[in-house]
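Data block below; observations after.
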Amino acid sequence: MFDNGTSLDGSVTLTPARLMAEGAIEMNDSRITSNMFNFKSNSIRADTSDYNLKSRSTSGYSFIAENANTDINFDLQMAKFRLNTDSSVVKFPELQYICTMTDFAYNMQTRILDMEQKGKSNTPLLTADQLLRQPFSNLDKPTFFATNNLEDTISFSSWKGRYNLDQEFIEAENINYIHVADALIQPDSGKIRITRRARIETMQNAYIAVNNKHILHSATVDIESTKRYTGSGIYDYVDENKEIQQIRFPELSVDTLTTTAKGVIPESQHFKLSPAFTFAGDVALSARSQLLTFTGAAGIVHNCSQMTSYSIKFKSSIDPLKVLIPVNDKPRDINDNLVFSGSYINSDSIHIYPAFLSAQKSWTDIPLVNANGYLYFEKEKGRYLISSLAKLTDPALNGNLISFDKNFCVMSGEGTLNFGTKFDLFRMSGAGNYIHNMDSGNVNIESILALDFHFSPEALKMMADEIRMMPTLTPVNLNSNLYNKGMKDILGVAAATQLKEDIDLFGATRNLPKEFTYELLLNDVKLYWNEATASFRSKGKIGLGFIGPQPVNIYVEGYVEIQKRRSGDMMDIYLKADDATWYYFSYFRGVLMTQSGNSAYNSLITTIKINDRKHPESSVRVPYTYMIAAEGRLQSFLRRMASDEPSEDVIR
């Protein structure tokens, strides 16, 4: 038939109007069966037929279309057919795939079968952003299904493709994604190639949308099953300024339906978590987390020559829009050396030096404020902060915080204060804030000082009664940040809140909280570091909060000095309400000396028995007693405070 090797195995019906047949038509590369063929001089048509393309390598068929409307045109060397029902499928037995596309065209010369989904072949591909947001509950209906493993059927939607009979592969197009495990994989230009045994050739330059959380591009992907794929890809890390840095993940894999990826960021990449933080180390991606996990070292960026900062080791998930680096109580640099942050009191030559992720000068050096938790850069103020997550979120909370202003080279801190002194049974607690100017070396402190020492309750009551009777003294602001935060740092939030509520309501305390164990509480002391005397000295008026259990809360004149000495640390306190009303305390090496303008106070101290003046825990090794100050001690202190002359045995 048609003089081209076409033959019919069946029956023919000839009428004046047309030539019809039923049976099987054999062609060089195909076999078509139908109950009703219509013949013309150069074509064959059948409304319902089965169209099979012969395999080039076996005796079977490489393509089978059942229940198809067929139109064969020998002049054009084309065979066109379409499926008659939505439930009809075509089969690729040797590739082990079936397909539900509707329209097909076979070129007898090129031996290529084109196929498409009617009305959808020109549908544009999803963008990367759309792919990332594509809900898994509303995926496209598949048009291709693998048949090599009926328990694990890879399927995907493709609106267009072609089958090459000679090279035995399908090239499917317009593929938005292939769903594998928790990922949607979009091949380059929406195209994949399928070869024998349902193998999808390695994809290059693909997109991978992982669990609606991450997008990888320029990916190389091998799909092994519906539950597993492997490959590599590139992740665009977008920082707070929308700057893009690329992270290469050479290792992509799936475990228990969860995609994971591992990569390394070398120092040579000059990668930054944000403009304020450098990073080098390992990075990991997990489909279960919205954020990447970084394991390595993060460094800060500054030009303050007074100190050297090192990169800090850490492991944490990082939000590019709010970078928080965890800082434990013993942070270390990339070489596993301890690093320190804050203003440190050097114990060898008594001076204060700044450190921020820096080396310590001596292992015995003491920070004015010690903070850990998280390292954060406050962009608006140009400063690095170390504190708890709660306090970074709400700065009005009490707690320890270290701040480093990289623009003005200023170190500051707030919370519990440590002056590096050892007073044994004369116990001092401090809280407040400080500012350390690194250029000038100036250190200024706002503090609350709470002193717990063995002393005569009668003497304290006498002191409180005398000062409370003076009506002209200025009251301390009990609503200041210094007072509210500092008292919470010293007593704890619950006790400090109870104490303040009592004073606000009643002007006194009904019952002091058990945490309040102090004989003297100074609730506003402004101190500065005096380099010449190597001591902390007060300036301005002093807030006198409590004398024993009695709230006072007034400002008085006076001085406070906290000094480190070779022979023992020393503290002096001079409180002056007026020329006739003053009290002096001086602690040195287990002896608290006191004196007052009130002779009755002095007499009371003198008459107390020696054993009663000793601390119950006093011993030869850790002594403690109190007594009247030696003659001239107060005058010597006042002269010293009026000048910058150090004591003779100050450590220099």
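The values are calculated or read from the model by the stated rules, or taken from the named source; none is laboratory data. Here the structure is a predicted model, which means the values were calculated and not measured. Note: ideal-geometry Cβ built from the backbone for every residue, glycine included; neighbour counts use all protein chains shown. Protein only, heavy atoms only, side chains kept; ligands, DNA and RNA dropped before computing areas. Shrake-Rupley method; radii C 1.70, N 1.55, O 1.52, S 1.80 Å.
Quick look at the values:
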quantity	calculated
Failed criterion for ILE435 (all others in (1) out of contact with any His (no Cβ under 9 Å at 6 or more places or on another chain); (2) part of a strand (DSSP E or B); (3) touching a residue at least 60 places away in the same chain (Cβ under 8 Å); (4) under 26 Å from VAL476 (Cβ atoms) hold)	(3)
Test for LEU505: is it surrounded by fewer than 16 Cβ atoms within 10 Å (Cβ to Cβ) and either aliphatic (A, V, I, L, M) or part of a strand (DSSP E or B) (or both)	yes
TYR584 being modelled with pLDDT of 95 or more and either part of a strand (DSSP E or B) or open to solvent by 10 Å² or more (accessible area, probe 1.4 Å) (or both)	yes
Meets criteria (at pLDDT 95 or above and over 21 Å from the mean Cα position of the chain (by Cα)) for PRO367	yes
Any hit, the stretch 630-648, residues being closer than 21 Å to ILE345 by Cβ and surrounded by fewer than 11 Cβ atoms within 10 Å (Cβ to Cβ)	yes
Members of the stretch 526-544 found to be out of contact with any Phe, Trp or Tyr (no Cβ under 8 Å at 6 or more places or on another chain) and either exposed (fewer than 15 other Cβ atoms within 10 Å of the Cβ) or under 15 Å from THR474 (Cβ atoms) (or both), listed by number	LYS526, ALA532, GLY540
Pairs, first farther than 14 Å from ARG248 by Cα in the stretch 270-284, second aliphatic (A, V, I, L, M) and crowded, with 19+ Cβ neighbours inside 10 Å, C-beta under 6 Å, six or more apart	LEU273/ILE318; LEU273/VAL323; SER274/VAL323; PHE277/ALA298; PHE277/VAL323; PHE279/LEU273; PHE279/ALA298
Qualifying position, being polar (S, T, N, Q), within 20 Å of the chain's Cα centre (by Cα), assigned to a strand (DSSP E or B) and at pLDDT 95 or above, among GLN290, GLN245	GLN245
Only listed residue being closer than 23 Å to SER538 by Cα and of a type in the set (S, T, N, Q), chosen from ASN433, ASN407, ASN398	ASN433
Any strands (runs of 3 or more DSSP E) falling wholly within the stretch 15-129 and containing at least 2 residues that are open to solvent by 30 Å² or more (accessible area, probe 1.4 Å)	19-26, 30-40, 43-54, 61-73, 78-83, 103-107, 112-116
Pairs where the first residue, in the stretch 615-631, is under 21 Å from ASN602 (Cβ atoms) and outside any loop (DSSP other than H, G, I, E, B) and the second is among the hydroxyl-bearing types (Ser, Thr, Tyr) and open to solvent by 50 Å² or more (accessible area, probe 1.4 Å), C-beta under 8 Å, 6+ apart	ILE628/THR606
Residue within the stretch 332-341 that is among the small types (Gly, Ala, Ser), open to solvent by 40 Å² or more (accessible area, probe 1.4 Å), closer than 30 Å to PHE536 by Cβ and at pLDDT 95 or above present	no
Residue within the stretch 459-466 that is hydrophobic (A, V, I, L, M, F, W, C) and buried (at least 22 other Cβ atoms within 10 Å of the Cβ) present	yes
Filter result (in a strand (DSSP E or B) and modelled with pLDDT under 95) within the stretch 530-544	ASN530, SER535
Any hit, the stretch 438-447, residues being in a loop (DSSP other than H, G, I, E, B) and open to solvent by less than 40 Å² (accessible area, probe 1.4 Å)	yes
Sole residue being open to solvent by 50 Å² or more (accessible area, probe 1.4 Å), of a type in the set (A, V, I, L, M, F, W, C) and under 22 Å from ASN328 (Cα atoms), chosen from ALA396, ALA431, ALA371, ALA390	ALA390
Residue within the stretch 399-419 that is more than 23 Å from SER311 (Cα to Cα), without any contact (Cβ under 8 Å) to a residue 40 or more places away in the chain and outside any loop (DSSP other than H, G, I, E, B) present	no
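Yes/no per residue for (1) within 28 Å of PRO367 (Cα to Cα); (2) modelled with pLDDT of 95 or more:
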{"site": "ASN418", "(1), (2)": "yes, yes"}
{"site": "SER429", "(1), (2)": "yes, yes"}
{"site": "PHE455", "(1), (2)": "no, yes"}
{"site": "MET462", "(1), (2)": "no, yes"}
{"site": "LEU473", "(1), (2)": "no, no"}
{"site": "ILE490", "(1), (2)": "yes, yes"}
{"site": "LYS500", "(1), (2)": "no, no"}
